1. Mind checking which of B:308, B:201, B:173 has the largest fluctuation in a GNM of chain B, springs on alpha carbons under 10 Å?
2. Restricting to segment C:796-904, what percent of DSSP beta bridges are antiparallel, rounded to 5?
3. Identify which of B:95, B:139, B:130 has the largest mean-square fluctuation in a Gaussian network model of chain B, with springs joining Cα atoms closer than 10 Å.
4. Given segment A:6-71, what whole percent of its Cα pairs are spread farther than 17 Å?
5. If you split all Cα-Cα distances of chain C into 10 Å bins from zero, what percentages do you get per bin, shortest first?
6. Each label point is 7 Å from the Cα along the Cα-to-Cβ direction; what then is the distance between the points at residue B:40 and residue B:427, in nm?
7. Viscosity 0.692 mPa s, temperature 37 °C: what is the translational diffusion coefficient of segment B:331-428 from Stokes-Einstein with a Kirkwood Rh over Cα pairs, rounded to a whole number of µm²/s?
8. Normalised by the number of residues in chain C, what is the relative contact order in percent for Cα pairs under 8 Å and 6+ residues apart?
Ligand SMILES: Cc1cc2nc3c(=O)[nH]c(=O)nc-3n(C[C@H](O)[C@H](O)[C@H](O)COP(=O)(O)O)c2cc1C
Ligand code: SF4
Ligand code: FES
């Protein structure tokens, strides 16, 4: 029994096919697996391990290195507030405290209604619209307490904001083709080119 | 006086709302550079890049042409694009990825052709969700258009390109860590030697790693010729460069400026650029090239924006991120926050970096929160010295990668220039800026 | 100028002003160590790839561009390199690293197992700062968590050197532990519910440079400074790993792998490492354990009187046995036989063979228990060493799962395969731990090994025959072609690892396959994969029917032996299975069990039961209790491993020393002494006063052992032993890495008290090189009779009888820590067959053979071939009595192969 939904399983298999070595697909597949429940359950990690040919301990070890991959459950909306240098200078720390108040949870925690998880982020590379806030990895550009509260209220009321998909979704755009450059064709091209290069140099 | 006459090499399409679409791209000369490159021999393309003297835009500033020439000849080799952009206050690649993904793809294809690499990967920081979507859409369109895949644009060159999402770890910007991550592992930087992935890289094969901005320059260089590029700026800092300006300035943002011809003062104060300090205060310190770089101060404002010029003054242009701190800024707090960043982002392999960063951060935290001791200042410097012996620039290192020796930069800068401020924290039992 | 030949392999470097020669490509840390300069380190382990992460080994290196700080463990020595290890700059960098490491390290040294032998502690003492400058709160973790039943992790003590995780992944190939987290939050972790249950887990404890990893059997057992230690050879299996055994307060406490370059590279398996508990015994002194309890140590001779075994004096017990032997010698020597011997020392094996063959005159001695291979063939095949196998171009695996049977041989072969040093061709009937790294798999079903060998030899008819099997071919034509390609013209550079692929089929199949491969590929060498401790030593000492000590046949006794033995048996004796049958039907009157337990070790339960119902005299020479004692007439208590000195011989024929650490309990004697006393009772004039005398006698009279005297073996150069038949002078690897074998530098190196004072005049201190034995057994190489296996019917599955490391063997059952890990019996079946039978994993099924019908749970296993069922030997069904042995119940050892019908209940 697959822990991944059938369509995600298919997407995962397509990903494996894009890389010369299976293990390279580990992180992209984890992103897909994470869409399912917002975090990586043991069952999902076991399945990822099987898909890329490593042990579950290695998947867990790898996953735990990366901030975006989660082993613990998260809320529907993960709010990341940057407090790194550019944001710090623009009141990022104060913004984070405000977000904690609005969502009713401390950094690192999830609100009791399961709506929000709040995180203190390192620089998110949007340093001209500060302090920088992301929700589910989308730049929401709410730089004032008021704009953030307005957005939080909309989310809390159940409104779906198209720019903010479910937590865990990194890209809504699928790759439309597999690999197309046939290694044999490539090898032929290569030798043809080498021959012409040799001619040119001699 | 600012010199703002240079052409826009990588930001020419940014003004269009639909700058990221294939239609707009094709309507504005897109894929012409690639077409031209495909009519040339690979070595001619390399020669143009050499002539342009294009310096890497990822941080280390290594000439792209030289790096390419080191690629070990092999049946299989890879090209990997570094779009991890996580150096604090650096946000130029973010712009290029979201707003002109086709330009990036075109640059990658030109490089791949020049290097005769048939599989390339674009590693994009995972937090760039929109960027990943735009880039993947663009790539799908490019495949459909025939610019990627088998016999691209009816040439005799085939290549596959994969967009690979990262998952949140600053260290994966370091090129060998990036390769480990791309192999599906923890982002542990690889120990050197080999010093360049050009010898042993992805899957142990020869690999070139280049930055997003570096790649985005290639279409223009091929279309206009390497010499035209080299005519801008001043050797060895040629062409234009993106500067990500942040902090206490009126107009933070990304500016494409001709290298060397402008100074930090121009960038920060020109009304067409940074527009000066909003509070009307003074520049207390600024970081010239990402938080790994030693700080500059008011007296350094007239330094030209050139790699060598900044190096001569003991810092680096690095990733092109400039952070301005005005006189309302607490230097202890700034140093603490930057150190905390390194502590959170240290991969954890090397003892000095792993343990040192955490220890330094905790001392700085104590100082900022009124629990500091006078002897902590020397302790901080001595611990820094144990990570980067001699505290010189460029640093000596006791670690595998240069994240380690980057840690002392801000601490050393802050203590050397603002010792009194640290002592005041000790004496007054806390921070008077808050 | 003429080119200097050595310049290509050596470079000249300067270390602290001294010019030294280093091997090309060698890391500076090793080069310096060889030159006597020890560079501190934590993450570097000489047997694993360097990673250079702890940064403790920073030294100043100048390769021509000015000195910079570099990790000595990751910089190759290059010509004209200058290395400075003692400058102020180096000292500051190293002290800095040490201080950083201590920042988060708890100060619980007084209660830490590692205290006293901890490199972190030692270096802090030697160079560390007197006072800590770290006043903040340290990192905290919950105290020890169990990574497995045997290994505990104290995360606060971990210094992130990654030795354990690298060992698991790189050496054992079982990445069941990995780092979790990033930066200073990094900890070692396993996946939930997937413990680090590796047969090699104990190695991580040995190589952990601090006290982060501890082993449950050793935890709080001793303080390092109380430990006494001797070096010895592990006889847990026939690999013969060199180890150090330690004791404290009269009990064994710990074993550590010693870095023997030709053998174990410092590694051990957990069975060898923790099996010492069985030597200690679990007797708590309050209540005596039953004689049938395998954890009980035997301390007094016993004789059965009025139906019960009662303690008697040695002389009474010995005269009881001696009179039976004397009777037999006079009436019919063939009425006496001995089974076992692989648990003996070489000296024990030699004295027992001499007693039974040379004095009583019976040739019925067999160290193997129906699960081995024809001794004459094994001894006659050109033998490979472990190193030769590890460095061969191609290795053919025609054996059971080496990880289960000869664990450290598995490590060595896996390492070479992963490093692409050799290509493996796997002929095993089920996938083994090595299959994953094998180049080609040509599985031979039970009875098919000769066909597969013929196919490899180019016989097209054999291929056709294989294709005719009910389930078709197990491999494709391309696989066969690529295997043939790997074997080359004449098998040069090929090593065949040969053992029993199944104990439920006739050994003749594998033997025939070996002959076919030898004939077709005459330059191929063979490494015997026989499992039991000193089985090779026993065979070398003639403990098999038809052979005499020194690899000769009954017809060709060596002159020296002939002059020492009063007689040589004239008639070929019986094998172990034949002896059991003869004992059962009364034609053999005396059966001596030399440390063997047929109830556990023989895969034909009915045969054993019948034998035990006989009225003949059963004499057990054993160190431990066991069910077999219910039937014994005389019990002679013997010293076990670590309680006796002498020598042992491993699979490659390496003779090495056994160290004695403990005194055997009660009145137990060394094995050779028992035989010697019996011989004396039969009138022999042996002048053995110490075990070294026996060693020397072997050297004097056994072909191939000449020069391997006790004195010669005591030389430093023979620390790793001497390979029989090898003409190369033995060498030993240089310095032990003190980080790899903690504590070992300070302790006494050898404790062979019993060797003292027996230096023989003529054999001076030179290292021996043993001469090759006379090739008198080579006839067995050609006598390749054609064994045929009957076709498999449509309803049955053919049994593959395999071994598991954690079976009901004495070492396992006697060691509480290992006993809990024993495998239970299940029938492993290919998922396709299971499906066909309407069964699923976990279901119970009926297995019916000509011998018995038993009920076992089934398990789907894709590594099992269709049409076969895999059963482990010597395991019991969950919760059942230990004597129950499902495989043995089903198997009839007189059949060439054994089939069962499997049905749902
Ligand atoms: C800690 C660390 C972080 C880095 N982060 C980035 C990054 O985010 N993006 C980038 O392009 N280069 C980064 N670099 C530099 C890369 O290692 C590498 O030099 C660069 O990608 C090469 O591309 P270029 O030659 O085109 O500049 C980083 C280096 C270090 C040591
Ligand atoms: S310096 Fe820091 S980030 Fe770089 S490899 Fe070492 S521990 Fe990792
Ligand atoms: S870095 Fe060399 S021993 Fe750890």
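1. Among B:308, B:201, B:173, the largest GNM mean-square fluctuation belongs to B:308.
2. 60 percent
3. Judging by the Gaussian network model, the answer is B:130.
4. On the way: 632 of 2145 pairs.
So the portion of pairs separated by more than 17 Å is 29 percent.
5. P(r) for chain C, in whole percents per bin: 2, 12, 21, 25, 21, 12, 6, 2, 0, 0.
6. Inter-label distance under the simple model: 6.3 nm.
7. The calculation lands on 252 µm²/s.
8. Result for chain C is 14 percent.
Here, each number is a calculation from the coordinates, and none is a lab measurement. None of the values given here were measured: they were computed from a predicted structure. Cβ coordinates were reconstructed from backbone atoms using ideal geometry, including for glycine residues, and neighbour counts include every protein chain displayed.
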